[in-house]
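Undergrad: Have a look at the structure that comes next, please.
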Amino acid sequence: MKKNILATLFLTFSFFLAICQPTIQWQKPLGGTAADHAYSIQQTNDGGYIVAGRSASINADVSGNHGGDDFWVVKLNNTGAIEWQKSLGGSNYDAARSVQQTNDGGYIVAGDSYSNDGDVSGNHGDVDFWVVKLTNSGIIEWQKSLGGAGYDNASSIKQTIDGGYVVTGTSFSNDGDVSGNHGLDDSWVVKLSSIGAIEWQKSLGGTDGEAAFSIQQTIDGGYILAGNSNSNDGDVSGNHGLIDSWVVKLSSLGTMEWQKSIGGTGYDNATSIKQTIDQGYIVAGTSNSNDGDVSGNHGGLDYWIVKLTSLGAIEWQKSLGGSGDDFAFNIQHSYDGGYIVAGHSTSNDGDVSGNNGFTDYWAVKLTSAGAIEWQESLGGTGIDKAYSLQQTFDGGYIVAGSSNSNDGDVSGNHGSYDFWVVKLNTCQPIESTLTFNECDPFSVNGITYNNSGIYTQTLTNSNGCDSILTIEAEILNFNGQIFQTDTTLYFNGNPTSIQWINCNTGQAIPGATQTTFVPQITGNYGAIITIGECVDTSNCRLIPVPPIPKSPTNICENINVSPNPVSDQVSFTLDKESYSINLFTSTGALVWQKTGTPEKQEIDFRNYAPAMYVLQVDQCRYKIVKQ
């Protein structure tokens, strides 16, 4: 019987991108005349965005409210225009805290609900976790109320590799769906199937209070959890005094593998955690300590950023902020291997500058070692609080939270608090036309290449901020005759236009306007490209961006994967370059597929399926493409 293997593949290809101090590309207040607060945003596969939070409005952008606060889920296009919006809930208070696009193109949303009518059923008493699965157009597929007779508040949900979900938050209950409570409130983790059935649940904590705010599945199929604790018994040890940030590593079945209380004698709270490429962890939160694990506090509450090893030991920590209060809520990897963190700040000194009055969004870009590269205060003279951000496909950033401002950076407020969504661009573009000739012989900067590879072309900008065009070409050389099989272009900003030409005829190819072009006939091809260049030269430089899966050519004869490896790692060769896949046992579905056939085709080694990539068979060429 064949077994399915989950494998994670790390590639090391890089290209370069011009990065500048970010500027606002566009901003959108969304909502009505009542209070609307956004807590979670994610870019969607179509280049738009999904944003979720709570809304009490019944007018302007909001319709369908069931009474009080509802989950409010809004789908935006890539310019921030509303494609659809849904008010979900019942006649009582309902607030969405976390949203994620699912593998089927729909969405999973989690938060808390007091309701037991309208869209909500199965409430156990008081507040429950409320989990809702939506289609890609926002229609409810299923919903689940999870909890007991006490207060149960969901903060974070993620889809898991088996197609189910893991959700975490805080629970005071010890009945209904909840068991094992240690006293007062515990961190509560629930593993759900793909249709929302509980597979297992864990109450984590001690006799005092715990709360969980962030969860992620780890590379080994387990989970990493972050929140806070003021216990020093039960599951918790090492408390430094008062409330500590608390990080817990769980196995795939929810068994605790290790836990760490990190902080000082003050208030320390972790709100966001991500696994890093070295299989350690990056944690963001808030601290007013200046002892124990914490140093460098600027006064009041600071952002506190901590890099942990794979076993939870502190590698480095940074206190970021000013003399006011600074609250970090979300941290993400950036494409260059550093980090981007967002929250809000009342400071205008220390690390913080540009505050527009009272509380602003505060976004900070860090290197991989935690040094500040840039920081940006966004908002108006009112209260502007960011809760979620993500780097976008074009290298910019999307930030969401709530705002009651209508000046400064904010315009279009509907009254009270609105969702405020801000798209940051890394550079202001100007148009510059480059004719890049890939005709026979293939040439970049006067150097001729007859083999596949990644090559660069510099676009000189008279403003002093050059852009780098990177060309990933697949070229076959048979008996001295060169054939180009496909080419992918990478550059900063979006292209105004791309037109591919046939080098043999000099004629444009109708309909060939994509960044990746695969000719249907052999021959040599070039492109005329109009793209954006960097204008702001004040802080412009070149940095590496994340790996791009390479498409090797003509490798049927040299792929080498053992069908029955005896270790946890398989090595193989693609296009004369060596790679390794780390293997982990899983029950996930097969993902190897031969193009041009309706069904999946088995080959000897196809059970070893990378978690983030699939290996696709295409006419004797193997491509690694995102799943």
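Undergrad: Across bins of 10 angstrom width beginning at 0, how are the C-alpha pair distances of the range 153-228 distributed, in whole percent?
TA: Here the calculated profile for the range 153-228 is 22, 53, 23, 2.
Undergrad: Measure of size requested: the Rg and Dmax of the range 31-112, with Cα atoms as the atom set and Å as the unit; please supply both.
TA: Using the Cα atoms of the range 31-112, the pair Rg, Dmax is 12.0, 35 Å.
Undergrad: Quick one: what are the phi-derived ³J(HN,Hα) couplings along the range 291-304, Karplus 6.51/-1.76/1.60 with θ = phi - 60°, whole Hz, x for glycine and proline?
TA: For the range 291-304, the Karplus curve yields 8, x, 7, 9, 9, x, 4, 9, x, x, 8, 10, 4, 10 Hz.
Undergrad: Let me have the relative contact order for the range 263-412, percent, based on Cα pairs under 8 Å that are six or more residues apart. Mind dumping the intermediate values first?
TA: Details: 452 pairs, mean separation 23.5, N = 150.
Once normalised by length, the contact order is 16 percent.
Undergrad: In nm, what is the difference between 0.36 nm times the number of residues separating Trp84 and Ala371 and their Cα-Cα distance?
TA: Details: separation 287, 0.36 × 287 = 103.32 nm, distance 3.96 nm.
Separation in residues times 0.36 nm, less the Cα-Cα distance, equals 99.4 nm.
Undergrad: Hey, another quick one. Keeping all protein chains in place, calculate the accessible area per residue for the range 362-414 (probe 1.4 angstrom), answer in Å².
TA: Values: 1510 Å² over 53 residues.
Ligands and nucleic acids excluded, the result is 28 Å² per residue.
Undergrad: Calculate, axis by axis, the spread of Cα positions in the range 318-422 along the three principal axes, and write the results as whole Å, longest axis first.
TA: Extents along the principal axes, in whole Å: 40, 33, 18.
Undergrad: Could you list, in their original order, any pairs among Lys158/Lys260; Lys202/Lys249; Lys307/Lys365; Lys365/Lys423; Lys75/Lys274; Lys158/Lys191 whose Cα atoms are separated by more than 18 Å? Could you put the intermediate results ahead of the total?
TA: On the way: Lys158/Lys260 22 Å; Lys202/Lys249 12 Å; Lys307/Lys365 15 Å; Lys365/Lys423 15 Å; Lys75/Lys274 25 Å; Lys158/Lys191 10 Å.
Beyond 18 Å: Lys158/Lys260; Lys75/Lys274.
Undergrad: Calculate, for Thr309 and Glu199, the FRET efficiency according to 1/(1 + (r/R0)^6) with r their C-beta to C-beta distance and R0 25 Å; round to the nearest 0.05.
TA: Numbers: r = 29 Å, r/R0 = 1.18.
My answer for the efficiency is 0.25.
Undergrad: Still on this structure, please answer the following. With a 1.4 Å probe and all protein chains left in place, how much of the accessible area of the range 76-156 comes from carbon and sulfur atoms, in whole percent? The partial results should precede the final answer.
TA: On the way: 1110 of 2680 Å².
The C+S portion of the solvent-accessible surface of the range 76-156 is 41 percent.
Undergrad: Give the accessible surface of the range 47-162 per residue, rounded to a whole number of Å², with probe radius 1.4 Å and ligands, DNA and RNA excluded.
TA: Values: 3660 Å² over 116 residues.
Value for the range 47-162: 32 Å² per residue.
Undergrad: For the range 205-213, just list the computed ³J(HN,Hα) in residue order, Karplus coefficients 6.51, -1.76 and 1.60, θ = phi - 60°, integers in Hz, with x standing in for Gly and Pro.
TA: Karplus values, whole Hz, x for Gly and Pro: x, x, 7, 9, x, 10, 9, 10, 10.
Undergrad: Okay, moving on. Figure the gain on full extension for Ser63 and Ser91 (residue separation times 0.36 nm, minus the Cα-Cα span) and round it to one decimal in nm. Write out the running numbers ahead of the final one.
TA: Details: separation 28, 0.36 × 28 = 10.08 nm, distance 1.45 nm.
Taking 0.36 nm per residue and subtracting the Cα distance, the gain is 8.6 nm.
Undergrad: Between Ser411 and Thr207, what is 0.36 nm times their sequence separation minus the Cα-Cα distance? Round to one decimal in nm. Each step should come with its number before you reach the end.
TA: Values: separation 204, 0.36 × 204 = 73.44 nm, distance 4.73 nm.
Using 0.36 nm per residue and subtracting the Cα-Cα distance, I get 68.7 nm.
The values are calculated or read from the model by the stated rules, or taken from the named source; none is laboratory data. No experiment lies behind these values; they were computed from the predicted model shown. Note: ideal-geometry Cβ built from the backbone for every residue, glycine included; neighbour counts use all protein chains shown. Keep in mind that these areas ignore ligands, DNA and RNA; they rest on the heavy atoms of the full protein, side chains included. Shrake-Rupley method; radii C 1.70, N 1.55, O 1.52, S 1.80 Å.
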